[in-house]
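See structure below.
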Amino acid sequence: MPRYTVHVRGEWLAVPCLTGTNTIRWLGREAVRRYMKNKPDNGGFASVDEVKFYIRRCKGLGLLDLDDTVEDALEDNEFVEVVIEGDIMSPDFIPSQPEGVHLYSKYREPEQYISLDGNSLTTEDLVNLGKGLYKIKLTPEAEAKVNKSREVIERIVKEQTVVYGITTGFGKFARTVIPNSKLRELQVNLVRSHSAGVGKPLSPERTRMLLALRINVLAKGYSGISLETLQQVIEAFNASCLPYIPEKGTVGASGDLAPLSHLALGLIGEGKMWSPKSGWADAKYVLEAHGLRPVTLKPKEGLALINGTQMITSLGCEAVERASAIARQADIIAALTLEVLKGTTRAFDTDIHAVRPHRGQAEVAFRFRSLLDSDHHPSEIAESHRFCDRVQDAYTMRCCPQSCLCLDFSFEMVFAERAETISGGNFHGEYPAKALDYLAIGVHELAAISERRIERLCNPSLSELPAFLVTEGGLNSGFMIAHCTAAALVSENKALCHPSSVDSLSTSAATEDHVSMGGWAARKALRVIEHVEQVLAIELLAACQGIEFLRPLRTTTPLEKVYDLVRTVVRPWMKDRFMAPDIEAAHRLLVEQKASVWEVAKPYIEKYRREHIPESRPISPTAFSLGLLEINKSVGHDHWHQDEL
């Protein structure tokens, strides 16, 4: 018998359908009838007949024809929403699809797997798991470790040993012993009470990363979770059943307790959950729609699910990947601007940078040479001012390499081999919080100097180009306000770069008397990076527009390829038009992996490397140009506390 999950005014109702020939109108009426039956006042209606409504899918919000049959219009156990005419929905109501989820319209269930052992997951793997490109399975070694640590927990429970979080309360209640008959209730209460976050839910991609990272930690075999429960969590991940996780509420002390509790809440069938099939719905219905059962928590398992820094670290991994990508492309955009402003390449001479043996500085200077070397890539623009009387360029052009700042970042756990549990502090988020604060400060400089270059491009007294890069100035304003936008973003970043890790507030009745605020460090680092991407998108547009006024002269081959890429999505600025879509299109060129500015220029950079420095090897992609990190990208590396990950 087919069955459908129907949303009516905040209520989720399971509606069985005796025959597939019933119409969509019948489904809506039956859902409204059941809704009225559950309300003391019939939901404010005298009868079902007076209710006028329309029905739409939860996935994609497509309207359904009321006269179609359910078997023709819907799949079995599909999620739909009854919208009653005249209702005004609160703007705070959780929509059927989270923000940005239109990207999931192309979601296809992956066929390939990544095997997790708790130690070898990389940031690249994690980002790909977030994108839904892989499913997860455990290695046999990880399964054995999980089983072995669980045996310790079972022995503790059987012997009624007093151990924190297993047979006692939590935090201030650590001395309260809980009887064996209530140990399961203890874990459920922990998850429910700690699900106290606020704010927008994490996107599906970020939720998948968080869930995958938590699975990776549990695979280490130190948290005492049972293999049965861990396999249920993996099944939920593989079905893309993603709990509602508010982005705010963690202080990063005893782990990211609020976000991870919301994660666990969905897994036990409570709260909200999202999947590509269902959109937002009650967690129990989403799990059921995918043939899954809610997790039944055993002793210690609630604590095992919520005690870690996976929100800080998963968002931090995204920040590392995005910062690395935009830093590489910032060099290319700056080189294009230098060409338009008729700057000199002498500041990037090898000998200058050998005097100051800073690895990142040398790599940035090398990239500039690989893009601007006229002997290798003849430039008509460079040739046009070869004998000018300019001695040197402004710092924002000649000091790009020297702006490098490389930062070297060279709970309770169950030790099965010692058959005991030890209360430690690996859940504390101070270390990743500081790393992410440093990351935000470093990557911000990309936007700070980019905004100054935009000013030089727009200012005719500095660029020798038309004011604001447009003809008929006065009638047209050109890039005037685009530069203002860049300035506003840079100013906002200055406030966001204040380190969150220098702050602390005592919580949990002074038990957790020093906290990291790492959750905010991760979220604001991502916001800083997004602003940097947007500022550089504006500079990219401005530099390409500057090229228009230097035609018919041509720049170097790699930079012409960059110009051609931009012109596939944004046409030249001949007169004023709606600019925001152009900025967004350029932004996408910087963040999309397959058609990015970096992918266009990379072959020329690497060819130059092979021809001019045959003995060298490319700098690690994590040694970021212009101020980022040299950080080991293995998510299980000791440079990150293991139980944070």
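The values are calculated or read from the model by the stated rules, or taken from the named source; none is laboratory data. Just so it is clear, the structure is predicted and the values come from calculations on it, not from any experiment. Cβ: placed from backbone, ideal geometry, glycine included. Neighbour counts: every protein chain shown. The accessibility values were calculated without ligands, DNA or RNA, using every heavy atom of the protein model including side chains. Shrake-Rupley method; radii C 1.70, N 1.55, O 1.52, S 1.80 Å.
Tally the residues that are surrounded by 21 or more Cβ atoms within 10 Å (Cβ to Cβ) and among the charged types (D, E, K, R), restricting the search to the stretch 457-471.
Residues that pass the stated criteria total 0.
Collect the residues in the stretch 108-143 that are outside any helix (DSSP H, G or I) and of a type in the set (A, V, I, L, M, F, W, C), keeping them in residue-number order.
Ile114, Leu116, Leu121, Leu133, Ile136, Leu138
Within the stretch 239-256, is there a residue that is assigned to a helix (DSSP H, G or I) and either surrounded by fewer than 24 Cβ atoms within 10 Å (Cβ to Cβ) or at pLDDT 90 or above (or both)?
No, the stretch 239-256 has no match at all.
Based on this model, can you work out whether Val600 counts as under 19 Å from the mean Cα position of the chain (by Cα) and either assigned to a helix (DSSP H, G or I) or loosely packed, with under 14 Cβ neighbours inside 10 Å (or both)?
no
Of all residues in the stretch 192-212, how many are out of contact with any strand residue (DSSP E or B) (no Cβ under 7 Å at 6 or more places or on another chain), aliphatic (A, V, I, L, M) and at pLDDT below 95?
1
Taking the condition of being surrounded by fewer than 21 Cβ atoms within 10 Å (Cβ to Cβ) and out of contact with any strand residue (DSSP E or B) (no Cβ under 9 Å at 6 or more places or on another chain), how many residues in the stretch 354-368 meet it?
Count: 6.
Being crowded, with 20+ Cβ neighbours inside 10 Å, basic (Lys, Arg) and not in a helix (DSSP H, G or I) is the filter here; which residues of the stretch 193-230 pass it?
The one that is crowded, with 20+ Cβ neighbours inside 10 Å, basic (Lys, Arg) and not in a helix (DSSP H, G or I): Lys220.
If you check every pair at least six apart or on different chains, which have Cβ atoms under 8 Å apart with a residue in the stretch 201-227 that is more than 22 Å from Tyr244 (Cα to Cα) first and a residue that is aromatic (Phe, Trp, Tyr) second?
Tyr222/Phe415; Ser223/Phe411
Inside the stretch 1-40, can you point out the residues that are open to solvent by less than 10 Å² (accessible area, probe 1.4 Å) and part of a loop (DSSP other than H, G, I, E, B)?
Matches in the stretch 1-40: Cys17 only.
Search the stretch 301-316 for residues being assigned to a helix (DSSP H, G or I) and polar (S, T, N, Q), and hand back the single one that is farthest from Gly171 (Cα to Cα).
Applying the filter and picking the extreme gives Ser314.
If a residue must be open to solvent by less than 10 Å² (accessible area, probe 1.4 Å) and either within 23 Å of Gly252 (Cβ to Cβ) or not aliphatic (A, V, I, L, M) (or both), how many such residues does the stretch 527-545 contain?
6
Could you please let me know if Ser403 is closer than 30 Å to Asp349 by Cα, among the polar types (S, T, N, Q), crowded, with 18+ Cβ neighbours inside 10 Å and at pLDDT 85 or above?
The answer is no for Ser403.
Looking at Val152, Val146, can you tell me which residue is at pLDDT 95 or above, open to solvent by less than 20 Å² (accessible area, probe 1.4 Å) and assigned to a helix (DSSP H, G or I)?
Val146
Evaluate the following for Gly291: is it surrounded by 20 or more Cβ atoms within 10 Å (Cβ to Cβ) and within 30 Å of Pro276 (Cβ to Cβ)?
It is false that Gly291 is surrounded by 20 or more Cβ atoms within 10 Å (Cβ to Cβ) and within 30 Å of Pro276 (Cβ to Cβ).
Yes or no, residue by residue, for (1) at pLDDT 90 or above; (2) in the same structural domain as Val188 (by the TED database); (3) over 15 Å from Tyr244 (Cβ atoms):
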{"residue": "Leu263", "(1), (2), (3)": "yes, yes, no"}
{"residue": "Ile268", "(1), (2), (3)": "yes, yes, no"}
{"residue": "Lys272", "(1), (2), (3)": "yes, yes, no"}
{"residue": "Lys277", "(1), (2), (3)": "no, yes, yes"}
{"residue": "Ala289", "(1), (2), (3)": "no, yes, yes"}
{"residue": "Leu297", "(1), (2), (3)": "yes, yes, yes"}
{"residue": "Gly302", "(1), (2), (3)": "yes, yes, yes"}
